[in-house]
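Contents: one structure, followed by commentary.
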Amino acid sequence: GAVVSQHPSWVICKSGTSVKIECRSLDFQATTMFWYRQFPKQSLMLMATSNEGSKATYEQGVEKDKFLINHASLTLSTLTVTSAHPEDSSFYICSARSSGRAGETQYFGPGTRLLVL
Amino acid sequence: GESVGLHLPTLSVQEGDNSIINCAYSNSASDYFIWYKQESGKGPQFIIDIRSNMDKRQGQRVTVLLNKTVKHLSLQIAATQPGDSAVYFCAEKGGGKLIFGQGTELSVKP
């Protein structure tokens, strides 16, 4: 099956610093990647959709200048949380959709837990 | 964003019993639905999917039912096992995006 990895799996940072999270599709090419955020005991909330080589599309209420998304290749997307604050502490999950398969299935990464002190 | 989070409802079942997890979706134009299982600290894991032109689909120990009239989706797990304990999310696809429902926490008692 298709594998999506995320790095790091967890990160602790000081308030005001920036954190970069990587999402990679390991055995397929992903034309579209998605970033979700999940708070404890809550559902996954879609933050943005990124297509390779173009600007990401952000969901309503998500600050694009705070959550920078880059999808420079068909196997890598990055999410940078800029000037992180404690309220940004969350579980960030990426998902990738293949261009070569049926086109419906999204494969999810294992998530990155961010704690901002 | 969409799918504003709410605290998860819980379902507790005895090992060996059947479990039914329900989900109401929001967009009548959604044409594809998926059930995911999420264990603590992990990403969602695909369980089963169904397209809007079907009303039932079966997998191994799992069945998904779709009622488009009332925009309702259910997941049935037969002979529930302790390893099935997790949070289960339904997701609907519309406009190229996958939107998650609120989720249900399933607890299986041995």
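The values are calculated or read from the model by the stated rules, or taken from the named source; none is laboratory data. Quick caveat: nothing in here was measured; it's all calculated off a predicted structure. Backbone-built Cβ (ideal geometry, glycine too); neighbour counts: all protein chains shown.
Residues that are surrounded by fewer than 22 Cβ atoms within 10 Å (Cβ to Cβ) and touching a Leu at 6+ places or on another chain (Cβ under 6 Å) were ranked within the stretch A:20-37; the one that is modelled with the lowest pLDDT is A:Gln29. Taking the stretch B:71-98 as the range and being over 16 Å from B:Asn22 (Cα atoms) and modelled with pLDDT under 95 as the test, the residues that pass are B:Lys93, B:Gly94, B:Gly95, B:Gly96, B:Lys97, B:Leu98. Of the strands (runs of 3 or more DSSP E) lying entirely inside the stretch B:2-98, those containing at least 3 residues that are under 21 Å from A:Gly111 (Cα atoms) and more than 10 Å from chain A (Cβ to nearest Cβ) span B:86-94. Picking from residues in the stretch A:38-50 that are surrounded by fewer than 19 Cβ atoms within 10 Å (Cβ to Cβ) and within 8 Å of chain B (Cβ to nearest Cβ), the one that is farthest from the chain's Cα centre (by Cα) is A:Lys41.
Comparison of B:Gln14, B:Gln76, B:Gln38 shows that the only residue that is more than 26 Å from A:Phe91 (Cβ to Cβ), in contact with a strand residue (DSSP E or B) (Cβ under 8 Å, 6 or more places away or on another chain) and surrounded by 15 or more Cβ atoms within 10 Å (Cβ to Cβ) is B:Gln76. Scanning the stretch A:72-96 for residues that are farther than 27 Å from B:Phe89 by Cα and either among the hydrophobic types (A, V, I, L, M, F, W, C) or surrounded by 15 or more Cβ atoms within 10 Å (Cβ to Cβ) (or both) yields A:Ala72, A:Leu74, A:Thr82, A:Ala84. Within the span defined as the stretch A:51-62, one or more residues are within 9 Å of chain B (Cβ to nearest Cβ) and exposed (fewer than 13 other Cβ atoms within 10 Å of the Cβ). The one condition from (1) under 20 Å from B:Ile99 (Cα atoms); (2) hydrophobic (A, V, I, L, M, F, W, C); (3) not in a loop (DSSP other than H, G, I, E, B) that A:Ile21 does not meet is (1). When the stretch A:4-18 is filtered for residues that are assigned to a strand (DSSP E or B), more than 14 Å from every other protein chain (Cβ to nearest Cβ) and surrounded by fewer than 14 Cβ atoms within 10 Å (Cβ to Cβ), only A:Ile12 remains.
Checking the stretch A:24-34 against the condition returns a match, with at least one residue being of a type outside the set (Asp, Glu), within 15 Å of the chain's Cα centre (by Cα) and within 9 Å of chain B (Cβ to nearest Cβ).
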